[in-house]
Amino acid sequence: MYSATVQSRYTTRKGICLLNSCYKSGNYDALYARYLKNASQLVSQIKIGRRMSYVDLCGGTGAVSRELVKKGAVDITIVDLNWNMLKRAPINIKKIVANAEEWKPERRYDVVFCRQAITYLNLERLEKVIDSALKPGGFFVFNLIDTERSTIASMDHKAYALDGKKYQELTLILFGMAHHFQRSEKDGIDLTSFRMYGRSDIESAFKNWDIRINHAPKAMYFMLRKSRNKG
Ligand SMILES: C[S@@+](CC[C@H](N)C(=O)[O-])C[C@H]1O[C@@H](n2cnc3c(N)ncnc32)[C@H](O)[C@@H]1O
């Protein structure tokens, strides 16, 4: 388990984003278009009820929130430490700028979603936050990459085209940390670094939770249920 937090951020004068979660407000959706497609898959892991309350944790520009709105949810709170991301999320939802590891929710929710982001967080600290955010019997739903790649050292390069735009990406994995360069010909370059968590990391941080996992191509969807007997 990696306990170090990778919070450093740096933007060069040319606007190139370096290091964890330093997505520029304008280019995240364009640069990561390929990765935004599974927001609906994450949301469909659970039945969405109009009367239920939802958190989109580390919600960024609101990919999950948008899916929730489409499915009729009205009580949605999005939390992210980067206002430049949050300001692009749907306007009719509650927005909170906070570090997910330290967030102190003022109320309880039925479901907390976290898409493409749990790998930025310390899991022990996150467990406490999720516990305080959920009602008894509530769900924490998130995704992880399902990878066979070595977490000691590996490298992948991909070049692809999407909606007429050319993209390049390079992923370097070194000792459990992934460093992902993403580039599109029109939208610039981004570098983000995150941990390569696996199922055992989740199980050891969320010990008394009921854990269910659905496997999809290259992705694992986790549904963690808080005990009904916990306050
Ligand atoms: C890959 S983006 C995913 C955004 C969104 N969930 C989505 O599905 O498009 C990761 C997001 O996590 C946010 N983030 C990273 N570390 C965070 C932290 N400690 N607390 C809150 N947000 C964080 C970043 O600002 C960024 O918006």
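Couple of notes before you dig in:
- Residues (in a loop (DSSP other than H, G, I, E, B) and more than 15 Å from the ligand (Cβ to nearest atom)) located in segment 188-202: Gly198
- Residue under evaluation Trp83, criteria (1) touching an Asp or Glu at 6+ places or on another chain (Cβ under 9 Å); (2) at pLDDT below 95, criterion not met: (1)
- Among the residues of segment 159-197, the ones that are touching an Asp or Glu at 6+ places or on another chain (Cβ under 6 Å) and under 20 Å from Asn143 (Cβ atoms) come to 2 in all.
- For segment 162-176, a residue qualifies if it is on the phi < 0 side of the Ramachandran plot and either β-branched (Val, Ile, Thr) or assigned to a loop (DSSP other than H, G, I, E, B) (or both), and the qualifying residues are Thr171, Ile173.
- Set Leu36, Leu57: member being at pLDDT 95 or above, buried (at least 16 other Cβ atoms within 10 Å of the Cβ) and within 18 Å of the chain's Cα centre (by Cα): Leu57
- Taken across segment 124-141, residues that are of a type in the set (Phe, Trp, Tyr) and under 27 Å from Asn27 (Cα atoms) do not occur at all.
- Members of segment 151-176 that are within 21 Å of Met220 (Cβ to Cβ) and either modelled with pLDDT of 90 or more or exposed (fewer than 12 other Cβ atoms within 10 Å of the Cβ) (or both): Ile152, Ser154, Asp156, Lys158, Glu169, Thr171, Ile173
- The conditions of being in contact with a Cys (Cβ under 7 Å, 6 or more places away or on another chain), more than 30 Å from Lys207 (Cβ to Cβ) and surrounded by 14 or more Cβ atoms within 10 Å (Cβ to Cβ) are met by Asp190.
The values are calculated or read from the model by the stated rules, or taken from the named source; none is laboratory data. Note that the structure is predicted; figures quoted are calculated from it, not measured. Counting neighbours? That spans all protein chains shown, and the Cβs are built from the backbone with ideal geometry, glycine included.
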